[in-house]
Amino acid sequence: MKEKDILQLMQKMTLEQKLGQMSLCEFGDLMQNSDNAFTGPKGEFALTASQKKIVGGVLNFKGAAEMIELQKKHLEEDPNKIPLLFMMDVIHGYVTAFPIPLALSCSFDTKLAEHVARASAVECATGGVKITYSPMADLMRDARWGRVMEGYGEDPMLSARMSAAFVKGYQKNVDPRFVVGGCAKHFACYGAAEAGRDYNCVDLSDYTMNNYYLSGYKACVDAGVMMVMTAFNSLNGAPCTGNMMLRRKLREEWGFDGVVVSDYNSVAEMINHGYAKDLREAAKLAIQAECDMEMVSTSYLQTGASLVESGELTMEQIDRSVYRILSLKNKLGLFENPYGAADVQAEKKYYRCPDFLALARSAAAESAVLLKNEGVLPLKKKEGIALIGPFADSKEIIGGWSCNADNKLAVTVRTGLEEAGAKFTYAAGCGDALDETDTSGIEEAVKAAQESETVLLCLGESMRYSGECKSRTDLTLSPAQQELFRHVYAVNKNVVVVLFQGRPLDLRAVLDAPAIFTMWHPGTEGGRACADLLFGKCNFGGKLTMSFPYCVGQMPLYYNHYNTGRPFDPAGNLAEWKSKYIDAPNAPLFGFGYGLSYSKFVCRDVRLSSETLRAGEKLRVAVKVKNDSDVDGSEVIQLYIRDEAASRIRPVRELKDYKKIFLKAHEETTVEFFLEKKDLAFWHEGGQVYAEEGEFTVFVGNDSAALNFKKFVYIA
Ligand code: BGC
């Protein structure tokens with residue numbers, strides 16, 4: 001369809017039909033023809049049967065058959081024959097579940113992220129999805145927040161690169177039938193919810209917001225993301241769905257002309273925030289803020305016409321949104337082919353096809369992070385093993401919000417080991433509930449540990465405790481799991497702790513184990529990937545993208561913090577009156593960028609091409625990296641900078657670039673980076689982004705605590 005055809009179509013539409021396009025409902029609600037069919041808390045938003053015929057979009061449906069059925073029904077009923085836009089939360093895969101996004105970010109591999117997104121797009125497009133509510137570009141610094149599993153960690157640059165890679169994977173498919181629109185969410189700063197409590201208010205200075213929190217969304221917009229979702233939270237005093245400051249940023253400053261969708265019911269929730277006095281005012285505020293589509297609450301349809309009649313909203317405001325929505329549908333080819341790639345036969349071909357399962361398996365191995373290894377791993381023998389723990393034979397390791405993936409088809413560690421030909425005894429030991437009180441299984445586990453050479457102890461956090469509305473105030477392993485560890489470790493010191501988790505946890509209780517690694521929630525193929533790593537078929541290469549705390553009291557915790565006027569140096573003598581805790585260290589247990597491997601990578605001899613960097617020039621930073629081991633492997637070499645003195649305080653370190661390299665055993669190479677003016681720049685009050693003259697330190701190494709450094713001076 002041409003632009004003029006969209007405009008022509010709009011001329012035919014009544015105001016109510018336009019407001020219909022701006023509304024989106026649940027599949028189940030649209031399938032019912034009766035009036036007021038919504039039940040429960042949605043009762044107040046019920047639509048009449050005739051309103052349902054004109055809505056613009058739908059979410060939460062299952063596969064091609066449902067999609068085709070509803071689209072057909074809709075096209076028969078909608079007076080303008082405008083196809084519905086089908087949307088879903090495809091967070092880490094559709095039917096094949098890939099590692100949760102937080103896990104995948106630990107691969108530091110944007111190509112891998114792109115492949116995963118592309119595979120997800122093929123599956124979900126076949127199932128009728130046209131927009132996925134992903135990526136979640138929210139920056140996260142607080143592991144208490146359950147939704148950290150959906151994002152890409154605490155670093156703004158990495159999180160931005162990962163988010164953009166997902167957008168690219170969804171939207172830039174070689175086969176146009178499988179193009180799925182991405183939706184960057186949650187605009188904005190949802191990850192900074194106060195005290196890590198979900199939906200909580202956010203208060204951030206412009207400085208912090210612009211330098212850290214907004215970069216993920218901006219990267220998505222720059223990558224051409226088709227949709228942006230507003231956030232539940234208020235930001236500096238105004239709920240995001242009706243926040244004019246955000247409109248200015250997104251539309252005027254960044255030039256985003258795609259569709260903005262509210263979060264689930266977030267238009268109506270502006271009443272609870274105390275920002276709108278009723279639904280009518282909520283609709284007005286949201287439309288004024290250019291939130292084009294309302295998800296689930298129906299204030300636009302119910303009150304939009306009266307707002308236009310009274311002159312509180314103009315027809316231009318409505319038309320602007322409708323134009324964007326119709327343009328998006330057009331871009332996705334819906335007017336020519338309302339069913340897209342939805343196809344029941346193709347579902348059989350693509351769902352869980354061998355290529356996608358293989359990708360899920362290698363992605364899970366690439367996302368795992370080895371935290372400790374005192375010569376135990378990889379396991380030398382496939383026998384004499386006790387497999388213990390509540391996650392040893394659990395399918396719940398697939399990870400929360402795994403869309404249409406069937407949990408029952410997830411591969412457990414137990415199955416992974418069996419398939420790898422391992423001989424082991426198995427005992428769960430205890431259940432996975434946070435408040436588990438039944439520890440009667442520990443006896444059997446202890447017996448298995450006693451009779452084995454090596455114990456694989458699968459502990460962590462169930463997927464039931466991570467995701468939306470799963471905030472925690474305690475990040476330790478459950479008391480039952482801690483007890484299990486103590487008893488098992490008492491009889492067999494050769495314990496490998498294998499963790500499954502959706503967020504960083506306080507691991508002090510298991511630190512004595514000679515080997516610890518995390519698989520996160522690895523998706524469908526987790527058990528196989530775990531076996532691949534245990535027996536050395538795959539090497540570890542993942543690095544943490546969120547710091548693992550010493551204890552929950554350190555939250556929020558992130559490596560790129562400021563120094564304070566009284567920085568604490570644990571090695572220094574003047575420990576008093578410094579910025580520190582009296583009962584815990586400042587440092588995380590395992591920091592950002594950290595992760596071991598079966599290889600040993602040594603970085604040395606950092607060299608700069610000059611001691612000065614001038615605007616317009618490039619500074620070459622080179623470092624020698626040697627794989628000082630007998631095992632081939634990959635490593636993420638990381639480059640951080642520190643602006644020593646500036647007009648605003650700068651972080652102690654900021655990741656500016658990284659290279660993931662592969663080195664054969666004993667191989668040595670030189671890794672090069674190039675720094676230029678833009679890498680030193682930061683956002684200043686008033687919106688200007690520029691670098692300030694002066695001294696910088698550049699650190700290069702294996703993690704955010706890298707010791708190798710050099711200094712240079714920037715001259716504008
Ligand atoms: C979540 C969004 C999600 C939406 C639709 C909300 O509760 O915050 O991330 O896309 O539901 O399922």
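Structure values in brief
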read-out	value
Members of the stretch 256-288 that are without any contact (Cβ under 8 Å) to a residue 12 or more places away in the chain and either within 14 Å of the ligand (Cβ to nearest atom) or not charged (D, E, K, R) (or both)	Ile271, Asn272, Gly274
Residue list for the stretch 583-604, filter: assigned to a strand (DSSP E or B) and either closer than 30 Å to Ala143 by Cβ or without any contact (Cβ under 8 Å) to a residue 24 or more places away in the chain (or both)	Phe590, Leu596, Phe601, Cys603
Only listed residue being part of a loop (DSSP other than H, G, I, E, B), hydrophobic (A, V, I, L, M, F, W, C), in contact with a strand residue (DSSP E or B) (Cβ under 9 Å, 6 or more places away or on another chain) and closer than 26 Å to Phe548 by Cβ, chosen from Val625, Val698, Val652, Val636	Val652
Number of positions in the stretch 670-695 that are outside any loop (DSSP other than H, G, I, E, B) and more than 14 Å from Val625 (Cα to Cα)	12
Residue under evaluation Glu654, criteria (1) more than 27 Å from the chain's Cα centre (by Cα); (2) under 15 Å from Asn563 (Cα atoms); (3) crowded, with 20+ Cβ neighbours inside 10 Å, criterion not met	(1)
Count of residues meeting criterion [under 17 Å from Tyr558 (Cβ atoms) and within 15 Å of the chain's Cα centre (by Cα)] in the stretch 185-223	8
Whichever residue in the stretch 118-151 is of a type outside the set (Phe, Trp, Tyr), part of a loop (DSSP other than H, G, I, E, B) and within 15 Å of the ligand (Cβ to nearest atom) and, among such residues, is farthest from Met87 (Cα to Cα)	Met140
Subset of the stretch 652-694 (residues that are free of Cβ contacts under 8 Å to residues at least 12 places away in the same chain and among the polar types (S, T, N, Q))	Gln688
Among the residues listed as Val95, Val90, the single one being under 23 Å from Gly258 (Cβ atoms), crowded, with 24+ Cβ neighbours inside 10 Å, in contact with a Cys (Cβ under 8 Å, 6 or more places away or on another chain) and of a type in the set (Val, Ile, Thr)	Val90
Residues being more than 16 Å from the ligand (Cβ to nearest atom) and not polar (S, T, N, Q) - total across the stretch 227-238	2
Boolean, Val413 is β-branched (Val, Ile, Thr) and within 19 Å of Val376 (Cα to Cα)	yes
Residue check, Thr241 within 16 Å of the ligand (Cβ to nearest atom), of a type in the set (Val, Ile, Thr), modelled with pLDDT of 95 or more and more than 15 Å from Arg320 (Cβ to Cβ)	yes
Answer from Leu328, Leu359, Leu370 - the residue that is touching a helix residue (DSSP H, G or I) at 6+ places or on another chain (Cβ under 6 Å) and either of a type in the set (Lys, Arg) or touching a residue at least 12 places away in the same chain (Cβ under 8 Å) (or both)	Leu359
Residue check, Gly224 more than 16 Å from the ligand (Cβ to nearest atom) and on the phi > 0 side of the Ramachandran plot	yes
Single match in Cys183, Cys106 (criterion: of a type outside the set (Lys, Arg) and within 16 Å of the ligand (Cβ to nearest atom))	Cys183
Set Met157, Met162, Met209: member being more than 14 Å from the ligand (Cβ to nearest atom), out of contact with any Ser or Thr (no Cβ under 8 Å at 6 or more places or on another chain) and either assigned to a helix (DSSP H, G or I) or not charged (D, E, K, R) (or both)	Met209
Out of Tyr190, Tyr152, Tyr170, sole residue that is of a type in the set (Phe, Trp, Tyr), within 30 Å of Ser597 (Cβ to Cβ), modelled with pLDDT of 95 or more and buried (at least 24 other Cβ atoms within 10 Å of the Cβ)	Tyr152
Subset tally (residues that are among the polar types (S, T, N, Q), under 28 Å from the mean Cα position of the chain (by Cα) and surrounded by fewer than 20 Cβ atoms within 10 Å (Cβ to Cβ)) for the stretch 676-716	0
Filter result (among the charged types (D, E, K, R) and under 18 Å from Lys677 (Cα atoms)) within the stretch 594-630	Glu611, Arg614, Glu617, Lys618, Arg620
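The values are calculated or read from the model by the stated rules, or taken from the named source; none is laboratory data. What you see is a predicted model, and the numbers here were worked out from it, not measured in a lab. So basically every Cβ, Gly included, is an ideal-geometry build from the backbone, and we count neighbours across all protein chains shown.
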